[in-house]
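Just so you know, all these numbers are worked out from the coordinates, no wet-lab data involved. As the structure is a prediction and not an experimental result, all values here were calculated from the model. Here the Cβ is made from the backbone with ideal geometry for all residues, glycine too, and neighbour counts use every protein chain on show.
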Amino acid sequence: MERQTVVVLLGDSMMMDGITVDLVKNEAIRSIQLDPSTANLNELLKSTSPDLIVFELGTAWSQSILSLLSEQPGSLLLGLDLEFSRVIVMNSHQRFTKSIEELLQLFQDEISAALRV
């Protein structure tokens, strides 16, 4: 049996409930919905080793979730910005550029990688 992709959803809004319902239908994904105000949230996240963490931007606790990028290298965060109907993908990968040309190449590489997924 193949390993399931683990997706953690932080929050209990109707949006998160809807996403959870849809993810449950996919047998390749194991979805876990957590309350972001849980006292031991970081420990829970470490124990579940999620492939993806989904959360809503603009909530009272959303700023603290960004600390996971440094605490759990390799984490992929997906922030839902409901106000502007967009999704922001964040990861802990750092890239340094010495020129605008290198920066533009980095953009091209990231766009190409995103299109291959």
(request) Kindly express, to the nearest 10 degrees and within the range 0 to 90, the angle between helix 14-24's C-alpha long axis and the longest C-alpha principal axis of the chain. (result) 90 degrees
(request) Using only Cα atoms, tell me the angle between helix 100-116 and the longest principal axis of the chain; keep it within 0 to 90° and round to the nearest 10. (result) 40 degrees
(request) Among DSSP beta bridges whose residues both lie in the chain, state the antiparallel percentage, nearest 5. (result) 30 percent
(request) Count charges around Thr5 for me, please; just the other residues with Cβ under 15 Å from its Cβ, Lys/Arg as +1, Asp/Glu as -1. (result) -1
(request) Using a Gaussian network model of the chain whose springs link C-alpha atoms within less than 10 Å, name the residue from Gln72, Gln63, Gln105 with the highest mean-square fluctuation. (result) Gln105
(request) May I ask which residue of Gln105, Ile53, Asn91 lies farthest towards the positive end of the charge dipole of the stretch 5-116, with charges of +1 (Lys, Arg) and -1 (Asp, Glu) on Cβ and the Cα centre as origin? (result) Gln105
(request) Output the Cα-based Rg and Dmax of the stretch 5-116 in Å, rounding Rg to one decimal and Dmax to a whole number. (result) 15.5, 46
(request) Would you please give the FRET efficiency between Asn91 and Thr38, computed as 1/(1 + (r/R0)^6) with r the Cβ-Cβ distance and R0 = 25 Å, to the nearest 0.05? (result) 0.60
